Amino acid sequence: MKTPWFQRSLAAAAFALAIVGGVATDAVAQQPTQFIGITGYRVGPYGANGAAFFGGFIDYLNLVNERDGGVNGVRLTWEECETEYNNTKGVECYERLKTKVATGPTAIHPMSTGITYAILDKAPVDKIPLITMGYGRTDATDGRVFPWVFPLLSNYWDNATGIVKFIAEKEGGEDKLKGKKLVLLYHDSAYGKEPQPVMEAEAKKLGFELKMIPVPHPGNEQQSQWLQIRQYKPDWVVLWGWGVMNATALQTAQKTGFPREKMVGNWWAGSEVDTQAAGPAATGYYAATLALAGKNYPVVADIEKFVYGRSKGGDAKLVGTVLWNRGMAAAMFTVEAVRKAQEKYGKKPMTGEQVRWGIENLDINAGRLKSLGFNTMLPPVKTSCTDHGGAGVVRFQQWTGTEWKIASDWMNGDRAMVRRMVEESAAKYATEKGIKPACMGS
Amino acid sequence: MSFFLEVLIGGLLAGVMYSLVALGFVLIYKASGVFNFAQGAMVFFAALTFTGLQEAWQLPLWLAFVLTLGVMVGVGIATERVVLRPLVNQPQITLFMATIGLAFFIEGVAQLVWGTNIRRLDLGLQDEPIEAVMERFNLLVSKFDLVAALVAGALVTVLAVFFNKTRIGRALRAVADDHQAALAVGIPLKQIWAIVWSVAGFVALVAGLLWGARNGVQFALTFVALKALPVLILGGFESILGAIVGGLIIGAAEKLAEVYLGQYVGGGIEGWFAYALALLFLLIRPEGLFGERHIDRV
């Protein structure tokens, strides 16, 4: 029996496709890869925060592969390990990812102050850089004592002093803060206590009264804290919360009649996760940010085109939100560190040591941000051995009820005071651990 | 004085919110003698299903409520079939362990089906002070908390009538007392368990809606179960009235302690103060305020 012509054609086409596909697959398979280990969380009490951050992180990695074919021909691969924001699971994930490939996991973003502390001493031994963008140990900004830890952009104390400066501007100048009353409503944990020394120093310097009120974990009931606030009658409330504590604080502020226009959150208390859960109670609330929200940036348009357009994206509803943009920025810094390291060590997969050098020598100025499509979403970053942050600035947004509206320019807090306190704290740590502060170099 | 009254009233109303969650525990305990570790997960699942259905099909509140209630009844029946039926006549600790597994399963399924995004739940009731009370007495009383207290009151009345005046209610109490004896006198254990888990699902739905409207529907709703534990210890595991009275005492005590004692020890004590109070109470009255005193023959 003769084979019909269309069947023969179909077989020939399938054969040709198999050859072409095979060649293409081989080409991709033979391409060198840079493995990135991700200790993420998408379930559990902070799953919503993690889903947005790590969604943006992975979308950016996908963009680099889809649009650019990787970093100088080195494709990015990754594996996400679920920590549930739990320190023990975070350490397990770190241990699992660190030996996954010979070059290591590139750099780890723990996205948790607790996990950061848990793996802080392991990182130098394993030669794995930790990028702790806006969290973790504040004094790790001093790279002479913490060569493997990078609180990129800004640290907690930059955030706290930035908030005080923002409030001072709203009051008409720093001198106007004298005699004012501020409340620091904080999550009763290591994270929540981090700004206390710097807030106390600011109160002493500027002459305002400071009352610090802890909220026990998880913070889903704050009646007594807000009644104390109502009795104290502060001029401003600084919210240093995380997760359900933020929405509950906004709701309870409404319940006790405290104006949301007099509340300023830190950058972990200022995302859509917090304000949407609080509903109308969040309208007027200010919060600091590390990366501006919104989709109006070329890099976001590229992700929508190259990643979501090719059905490789995550949750499209999260695109452009505060934490998604922050996650995307975190991925960009990781990729740029690899690129920087490649300039020195060659266009091949980089090891942890090489990436560490790359992070320590980042210079992403306004021009580079523009060429990367981030424009003004982020401040320029220039790191060094002594400054593992590289920016030290913060910006403020106000929730309109439906979206975040920019409420300030990028601004410094008291950088001189923060630097002095960072060095003092890092020196104390160095003494405790027997570390001789020094720059690592290459 | 007005500040003290504010703290006290706020605490009492917060306590009612704890009682709502505690009621679910009491129901299961009354019918099976088991502490249902999954009650917090059920509160989370119910609220998430409610908002998920509402969002997916733009349903009105009442329809979303009815459909979610249907889902919770389904969960109750499935729990009886899959988890409890194979464990009839097993030691209480086995049933307790099963509910721990159930809690993790429900939490996982809830997030798998509806995702982890936080959802706003609008019941059309703002959490604001009642202006008339504020103007007249300079006292802060929340509208939302007051409505929650009324809902809890209604729920307690209905449940008390159900348990004490209906045949099913009496059967529930018999089952709780002794599985085998209840079976021997012809009480259909399987149906009774399915009913009580469904009613617990209903209570979880009501608690989930009120807590979700307050804090947003998110995983942290599972933690409200932690607030119910001291309430149960104090009120008694088997008493609906105990859940309410225990809630009021715990709510008021923890708020007063936080405000008046907290300042001397750096604050943040309400998280553990309720447990400390409950433990102290255990020493004096181990069965709780309204719990049944068990005397075993040896």
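GNM remark for chain B: springs join alpha carbons under 10 Å apart, and the peak mean-square fluctuation among B:Phe144, B:Phe223, B:Phe25 falls on B:Phe223. Take the Cα coordinates of chain B, assign each an equal point scatterer, and use the Debye formula without solvent to give log10 I(q)/I(0) at q = 0.11, 0.14, 0.15 Å⁻¹. For the requested q values the scattering log ratios are -0.67, -1.07, -1.21.
What do you get for Rg/Rh over region B:171-298 if you use C-alpha atoms and the Kirkwood form of Rh? When Rh is taken as the Kirkwood radius, the ratio is 1.07. Listed by chain and number, the aspartates and glutamates whose alpha-carbon sits under 12 Å from that of B:Lys190, ignoring those within fewer than 8 places in the same chain, are B:Glu80.
Taken one residue at a time, the phi angles of region A:109-117 give Karplus couplings (6.51, -1.76, 1.60, θ = phi - 60°) of 9, x, 6, 6, 5, x, 5, 4, 4 Hz. Gly and Pro are set to x. Using a simple charge model, +1 on the beta-carbon of Lys and Arg, -1 on the beta-carbon of Asp and Glu, nothing else, what dipole does the protein assembly as shown show about its Cα centre, in debye to the nearest 20? In total the dipole reaches around 1000 debye.
How large is the convex hull of the Cα atoms of chain A per residue, expressed in Å³ as a whole number?
With only Cα atoms used, chain A gives 161 Å³ per residue.
Per the Kirkwood treatment, what hydrodynamic radius in Å, one decimal, follows for region B:87-157 from the mean inverse distance over all distinct Cα pairs?
On the way: mean 1/r = 0.0604 Å⁻¹.
Result for region B:87-157, one decimal place: 16.6 Å.
Starting from the Cα gyration tensor of region A:130-173, multiply each eigenvalue by 5, take the square root, and state the resulting semi-axes largest first in whole Å. Before the final figure, lay out the partial values.
Numbers: eigenvalues 147, 15, 7 Å².
Working from the Cα gyration tensor, I get semi-axes of 27, 9, 6 Å.
Length gained on full extension, A:Arg67 to A:Thr402: 117.4 nm, using 0.36 nm per residue less the C-alpha separation.
Do you know the relative contact order of region A:157-289, to the nearest whole percent, from alpha carbon pairs under 8 angstrom that are 6+ apart? Relative contact order, region A:157-289: 24 percent. Among A:Leu323, A:Leu290, A:Leu185, the largest mean-square fluctuation in a Gaussian network model of chain A (Cα springs under 10 Å) belongs to A:Leu185.
The 3J(HN,Hα) values that the Karplus relation (6.51, -1.76, 1.60; θ = phi - 60°) gives for region B:140-152 are, in residue order, 8, 10, 7, 4, 4, 5, 5, 5, 4, 5, 5, 4, 4 Hz. Gly and Pro appear as x. When restricted to Cα atoms, region B:157-198 yields an Rg and a Dmax of 10.0, 31 Å, respectively.
Report, as an integer, the average count of C-beta atoms from other chains found within 10 Å of each Cβ along B:136-142.
Per residue, the number of nearby Cβ atoms from other chains is 2 on average.
Over region A:91-130, all Cα pairs binned in 10 Å intervals from 0 give whole-percent P(r) values of 31, 64, 6, listed from short to long. Exposure proxy shown here: for B:Met72, A:Met328, B:Met42, B:Met1, the number of other Cβ atoms within 10 Å sets the order, fewest to most, as B:Met1, B:Met72, A:Met328, B:Met42. Around the amide H of A:Gly413, modelled in the peptide plane, lie the amide H atoms of A:Gly162, all under 5 Å away and 5 or more residues distant in sequence or on another chain.
For A:Ser408, the residues whose modelled amide H falls within less than 5 Å of its own, excluding neighbours fewer than 5 places apart on the same chain, are A:Phe396.
Among the listed pairs A:Lys180/A:Lys211; A:Lys165/A:Lys255; A:Lys340/A:Lys428; A:Lys180/A:Lys262, which are separated by more than 20 Å between their Cα atoms? Numbers along the way, then the final one.
Details: A:Lys180/A:Lys211 11 Å; A:Lys165/A:Lys255 28 Å; A:Lys340/A:Lys428 32 Å; A:Lys180/A:Lys262 12 Å.
Checking Cα-Cα distances, A:Lys165/A:Lys255; A:Lys340/A:Lys428 exceed 20 Å.
Remark: region B:48-63, residue by residue, has Karplus-estimated 3J(HN,Hα) of 5, 5, 4, 5, x, 5, 4, 5, 5, 10, 6, 7, x, 3, 5, 5 Hz, where x stands for each Gly or Pro and the curve is 6.51 cos²θ - 1.76 cosθ + 1.60 at θ = phi - 60°. The relative contact order of chain B, computed from alpha carbon pairs under 8 Å that lie at least 6 residues apart in sequence, is 35 percent. Its relative contact order, with pairs defined as Cα atoms under 8 Å and 6+ residues apart, puts chain A at 20 percent.
Of the listed pairs A:Lys100/A:Lys347; A:Lys295/A:Lys370; A:Lys89/A:Lys127; A:Lys89/A:Lys317, which have alpha-carbon separations greater than 24 Å here?
Values: A:Lys100/A:Lys347 21 Å; A:Lys295/A:Lys370 15 Å; A:Lys89/A:Lys127 20 Å; A:Lys89/A:Lys317 28 Å.
Violating the 24 Å Cα-Cα cut-off are A:Lys89/A:Lys317.
Cut-off 10 angstrom, C-alpha nodes, Gaussian network model of chain B. Which of B:Gly40, B:Gly247, B:Gly262 fluctuates the most? Result for chain B, Cα springs under 10 Å: B:Gly262 fluctuates most. Taking label positions 7 Å along the Cα-Cβ direction at both B:Leu146 and B:Arg85, the computed distance is 4.9 nm, reported to one decimal.
P(r) for the protein assembly as shown, from all Cα pairs and a bin width of 10 Å, is 3, 13, 22, 22, 18, 12, 6, 2, 1, 0, 0 %, short bins first.
Averaged over peptide A:275-281, the number of partner chain Cβ atoms lying within 10 Å of each residue's Cβ comes to 6. Fewest-first ordering of A:Ile406, A:Ile58 by other beta carbons within 10 Å of each residue's beta carbon gives A:Ile406, A:Ile58.
Here the scattering of region A:157-289 is modelled by Debye summation over its C-alpha atoms, one equal scatterer each and no solvent; at q = 0.10, 0.17, 0.20 Å⁻¹ the log10 of I(q)/I(0) is -0.27, -0.81, -1.16.
What whole-number volume per residue, in cubic angstrom, does the convex hull of the C-alpha atoms of region A:295-382 give? Can you show the working numbers first?
Values: hull volume 9.7 nm³, N = 88.
Each residue corresponds to 110 Å³ of Cα convex hull volume.
Placing +1 on each Lys and Arg Cβ and -1 on each Asp and Glu Cβ, with no other charges, gives region A:136-294 a dipole about its Cα centre of roughly 420 debye. Taking B:Lys227 as the anchor, which lysines have their alpha carbon closer than 20 Å to its alpha carbon, excluding any fewer than eight residues away along the same chain? Hits, sequence-local ones excluded: B:Lys30, B:Lys255.
Counting each pair of different Cα atoms once, what's the Kirkwood radius of region A:97-217 in Å, rounded to one decimal?
It works out to 16.1 Å.
Annotation: amide H-H contacts under 5 Å for A:Gly265 (H modelled 1.01 Å from N, sequence separation of 5 or more, or interchain): A:Leu239, A:Tyr286, A:Ala287, A:Ala288.
Straight-distance candidates among the aspartates and glutamates for linking to B:Lys165, with alpha-carbon spacing under 17 Å and chain neighbours fewer than 8 residues away dropped: B:Glu238. Exposed loop sites are taken as trypsin sites (Lys or Arg not before Pro) in a DSSP loop (any state but H, G, I, E or B) with at most 11 other beta carbon atoms within 10 Å; the longest stretch of chain A without one runs A:3-177. Quick check on chain B: helices-only [θ] at 222 nm, where DSSP H runs of length 4 and up contribute -39,500 (n - 2.57) each and the sum goes over total residues. Nearest 500, please. Value at 222 nm, helices only: -23500 deg cm²/dmol.
Using 0.36 nm times the number of residues separating B:Leu139 and B:Leu261, minus their current alpha carbon distance, what extension gain do you get? Spell out each step's value before the answer.
Details: separation 122, 0.36 × 122 = 43.92 nm, distance 2.17 nm.
Stretched out fully, the B:Leu139 to B:Leu261 stretch lengthens by 41.7 nm.
Since every read-out is calculated from the coordinates, none of them should be taken as a lab result. On a predicted model such as this, the values are computed, not experimentally measured, just so you know. For neighbour counting, all protein chains shown are included, and Cβ atoms are generated from backbone atoms with ideal geometry for every residue, glycine included.
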